[in-house]
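Everything below concerns the one structure shown next.
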Amino acid sequence: MIRRKQDAVTLERSMWGGPGLGQALQILNEGEFAGKGRLFNHVRLAPGCAVGKHAHHGEFEVYYILKGEGTYDDNGTECRVAAGDVTVCPDGETHGILNTGSEDLEFIALILLV
């Protein structure tokens, strides 16, 4: 299977109650995970926008930061993140991310089932 860029689905929405809107380009669509995951997106947050703090149950989420910088909430502990960093939110834990920089924060978000 090959999905051409022009055929990719992009969503713009509030993400888990965080301020502003985020853009998520779906790398894989629902039903394309062979039962192993549920989300594989390229996410873009403008300055001041965030993915609000949320929990994962029966799954874990990884962010790979591509561009920009922000503050990552790791179970209530805030950490600075920048391009090249990887965050992991294990099953049963919480996280969120806020773009604190002056340019877009871009990252790959992957949710796999446990």
Can you tell me which of Thr87, Thr100 is of a type in the set (Ser, Thr, Tyr) and in contact with a Phe, Trp or Tyr (Cβ under 6 Å, 6 or more places away or on another chain)? Thr87
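Being of a type in the set (S, T, N, Q) and surrounded by 13 or more Cβ atoms within 10 Å (Cβ to Cβ) is true for just one of Asn41, Asn75. Which residue is that?
On the way: Asn75 fails: surrounded by 13 or more Cβ atoms within 10 Å (Cβ to Cβ).
Sole residue among the options that is of a type in the set (S, T, N, Q) and surrounded by 13 or more Cβ atoms within 10 Å (Cβ to Cβ): Asn41.
Coordinate-derived values only; no laboratory data. Here the structure is a predicted model, which means the values were calculated and not measured. Neighbour counts are summed over all protein chains in view; Cβ atoms, including those assigned to glycine, are modelled from backbone coordinates with ideal geometry.
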